[in-house]
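The values are calculated or read from the model by the stated rules, or taken from the named source; none is laboratory data. Everything numeric here is computed off the predicted structure, so don't read it as measured data. Note: ideal-geometry Cβ built from the backbone for every residue, glycine included; neighbour counts use all protein chains shown.
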Amino acid sequence: MHPALARLRTRLGPAGWLDQPAAMAPYLEESRARHHGAALAVVRPADTAAVAAVLAACHEAGVGMVPQGGNTGRCAGALPTAGQLVLSLARLDRIRAVDALDGSLTAEAGCILADVQAAARAHGRLFPLSLGAEGSCTIGGNLATNAGGLNVLRYGSARALCLGLEVVLADGRVWDGLRRLRKDNTGYDLRDLFIGSEGTLGVITAAVLRLFPLPERRATALAALADLDACLALLARARHASADTLTSFELLPRIGLDAAVRHVPGCRDPFDVAHAWCVLLELDGAGDAPAARLEALLADALAAGEIVDAATAASEAQAAALWRLREGLVEAQRHEGASIKHDVAVPVSRVPEFIRQASAACTALLPGVRPYPFGHVGDGNVHFNLSQPPGMAAADFLACWGRCERVVHDLVAACGGSFSAEHGVGRSKTGEMARYKSPLELELMRGIKRTLDPRGILNPGAVLPPG
Ligand code: FAD
Ligand code: MLT
Ligand code: ZN
């Protein structure tokens, strides 16, 4: 072992340096269990100074280092290869400060997202980032991937929710950018450079997050669309009629609803008729406004023929039951056989056309394949998943991943879209970077990478394609 790493092992002690296979195992498998990693060791520093020591040692030894938060990422971005270190941020889990007046909360990178939400709520404020993995993903991982989720429509992605960062650079120096300012036009925006860089430019150790007034009320409904195209008219209506207090607009297809009801305890379709497409809408605001606005806009949408039915939640429990359907359909897909997954964005106005074209193209490629498109269509973000055709072996189906991906991502590109809306690039989509990013964009990105990580030790192999 390089002497710098041996010194690091001594400094971190047994709680901060794991190298036994059983202890390392949970850190070496990604959330979909598609990829498995290997590592020299997993390091678990307890504070920013110790993270700095890890990076200084890696820099000196020329050893690659892979930051890891909750390891819930979808693109194998936190997965190391043999000889590298996993740098777990899990022990940096303190909420350093909450300032209700400034509307800011300073959290260390390893804080679990649900804990950050709870800390804000305890001060009468809202931290609006919300996603299915919020019970295990970390704020550092959320910022490193610029996570999106369920409330982007009203509050934006992780980038829009961050005021400042503390980042350890490749050589171990610490950049203290923990500012609480809403306005700061002093040169290049370093904060925004680190956000979404998936650990390839620096390690986020703490962040100042933006808080909002805690909404008094939420109003939630599941609306059955007249057809897929009607989602556009309904979205426009809902945004306008709610004075843009629409927080969520999530598409739920029949196949997903059926799977959720079949496989996930507590999931129930509120309608007697098997509608082809439903949308889960939620508004927030004060007093009776959200409920009244939602009722009125649904009545108008019904009269206009955009929707054919709606189930409005009359209580928190009913709202939770509707959300359970939305979350349940992700989990349920596993029970429907193997899945091929895409996380794409197209301009909102092209969502129905994209879903139709991609479904037709994949069915032509793989007869019997079952398109499973769902998600944040209010943001133009479709999780265009595919479920295994009945009668086809899982391995044969998964062997078609590349061909399906090509068809889907080419269509996305033709629509002016993105092959990764919110999950990032990680290691599984670097080939797509090479194909869809312009040479100029790649050249600029490589230049930034060289400047911030001249020895290439920060999450090697993630985000940028080789070459
Ligand atoms: P990890 O998986 O540990 O890491 C992700 C990437 O960030 C890796 O490249 C890693 O190296 C890097 N990284 C982690 N921490 C740091 C740090 N402190 N500094 C620098 N780099 C770091 N994502 C969405 O955007 N929207 C969703 O709606 C959504 N829903 C999900 C639902 C489920 C059930 C699951 C399992 C995942 C979902 N995800 C979603 C994906 C995932 O939860 C997010 O990408 C999340 O932001 C990852 O956080 P993490 O702490 O688990 O990061
Ligand atoms: C979601 O929106 O539920 C997730 O992003 C889907 C996923 O994690 O695959
Ligand atoms: Zn999503």
Here is a list of conditions, (1) out of contact with any Asp or Glu (no Cβ under 9 Å at 6 or more places or on another chain); (2) more than 8 Å from ligand 1 (Cβ to nearest atom); (3) of a type in the set (Gly, Ala, Ser), and SER136 meets all of them except one; can you say which number that is?
(2)
Take the conditions away from ligand 1 (no atom under 12 Å from the Cβ) and in contact with a Cys (Cβ under 8 Å, 6 or more places away or on another chain) and apply them to ILE112. Does it pass?
no
The helices (runs of 4 or more DSSP H) lying wholly within the stretch 71-170 that contain at least 1 residues that are of a type in the set (D, E, K, R) are 113-122, 152-155
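Conditions tested, residue by residue: (1) under 20 Å from ALA314 (Cα atoms); (2) free of Cβ contacts under 8 Å to residues at least 40 places away in the same chain; (3) in the same structural domain as ALA314 (by TED's automatic domain parsing); (4) not in a helix (DSSP H, G or I).
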{"site": "ALA224", "(1), (2), (3), (4)": "yes, no, yes, yes"}
{"site": "ALA236", "(1), (2), (3), (4)": "no, yes, yes, no"}
{"site": "GLY256", "(1), (2), (3), (4)": "no, no, yes, no"}
{"site": "CYS267", "(1), (2), (3), (4)": "yes, no, yes, yes"}
{"site": "CYS278", "(1), (2), (3), (4)": "yes, no, yes, yes"}
{"site": "LEU283", "(1), (2), (3), (4)": "yes, no, yes, yes"}
{"site": "GLY287", "(1), (2), (3), (4)": "yes, no, yes, yes"}
When you go through LEU365, LEU302, LEU297 one by one, which is the residue that is aliphatic (A, V, I, L, M) and crowded, with 18+ Cβ neighbours inside 10 Å?
LEU297
Taking the condition of being crowded, with 23+ Cβ neighbours inside 10 Å and small (Gly, Ala, Ser), how many residues in the stretch 107-137 meet it?
4
Of all residues in the stretch 344-385 being within 19 Å of CYS400 (Cβ to Cβ) and of a type in the set (A, V, I, L, M), the one that is nearest to ligand 1 (Cβ to nearest atom)
VAL344
How many residues does the stretch 24-52 hold that are closer than 24 Å to ALA462 by Cα and part of a helix (DSSP H, G or I)?
9
Restricting attention to the stretch 75-96, which residues are crowded, with 16+ Cβ neighbours inside 10 Å and either aromatic (Phe, Trp, Tyr) or more than 20 Å from ALA53 (Cβ to Cβ) (or both)?
CYS75, ALA76, GLY77, ALA78, LEU79, ILE95
Among (1) in a loop (DSSP other than H, G, I, E, B); (2) surrounded by 19 or more Cβ atoms within 10 Å (Cβ to Cβ); (3) not β-branched (Val, Ile, Thr), the one test that ALA206 misses
(1)
Any chance VAL463 is buried (at least 20 other Cβ atoms within 10 Å of the Cβ), outside the structural domain of ASN142 (by TED's automatic domain parsing) and out of contact with any Lys or Arg (no Cβ under 9 Å at 6 or more places or on another chain):
no
Any chance you could count how many residues in the stretch 409-432 are surrounded by fewer than 21 Cβ atoms within 10 Å (Cβ to Cβ), more than 16 Å from ligand 2 (Cβ to nearest atom) and not in a helix (DSSP H, G or I)?
2
Look through LEU228, LEU246, LEU232, LEU257 and report the one residue that is touching a Phe, Trp or Tyr at 6+ places or on another chain (Cβ under 7 Å) and modelled with pLDDT of 95 or more.
LEU228
Return yes or no: is LEU251 within 25 Å of the chain's Cα centre (by Cα) and of a type in the set (A, V, I, L, M, F, W, C)?
yes
List the residue pairs whose Cβ atoms are under 8 Å apart, where the first residue sits in the stretch 413-441 and is at positive phi, the second is at pLDDT 95 or above and of a type in the set (Val, Ile, Thr), and the two are 6 or more positions apart or on different chains.
GLY416/VAL346; GLY424/THR145; GLY424/VAL463; GLY426/VAL463
Filter result for VAL330 (surrounded by fewer than 23 Cβ atoms within 10 Å (Cβ to Cβ) and of a type in the set (Val, Ile, Thr)):
yes
Criterion: within 18 Å of ARG94 (Cα to Cα), without any contact (Cβ under 8 Å) to a residue 24 or more places away in the chain and of a type in the set (A, V, I, L, M) - qualifying residue of ALA120, ALA114, ALA207
ALA114
Does any residue of the stretch 185-208 turn out to be of a type in the set (Lys, Arg) and touching a Cys at 6+ places or on another chain (Cβ under 8 Å)?
yes
Residues being away from ligand 3 (no atom under 14 Å from the Cβ) and not small (Gly, Ala, Ser): count how many of those fall in the stretch 122-151.
8
Contact list please: Cβ distance under 7 Å, first residue in the stretch 340-356 and in the same structural domain as PRO373 (by TED's automatic domain parsing) and over 8 Å from ASN381 (Cα atoms), second residue acidic (Asp, Glu) and more than 16 Å from ligand 2 (Cβ to nearest atom), pairs at least six apart or on different chains.
PRO352/ASP229
Counting only residues that are without any contact (Cβ under 8 Å) to a residue 60 or more places away in the chain and under 30 Å from PRO213 (Cβ atoms), the stretch 296-317 contains a total of 6
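For every residue, the table says whether it meets (1) within 13 Å of the chain's Cα centre (by Cα); (2) at pLDDT 95 or above; (3) basic (Lys, Arg); (4) more than 16 Å from ligand 2 (Cβ to nearest atom).
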position: GLY70; (1), (2), (3), (4): yes, yes, no, no
position: THR106; (1), (2), (3), (4): no, yes, no, yes
position: ILE139; (1), (2), (3), (4): yes, yes, no, yes
position: ASN151; (1), (2), (3), (4): yes, yes, no, no
position: ARG159; (1), (2), (3), (4): yes, yes, yes, yes
position: VAL168; (1), (2), (3), (4): no, yes, no, yes
position: ASP171; (1), (2), (3), (4): no, yes, no, yes
position: GLY177; (1), (2), (3), (4): no, yes, no, yes
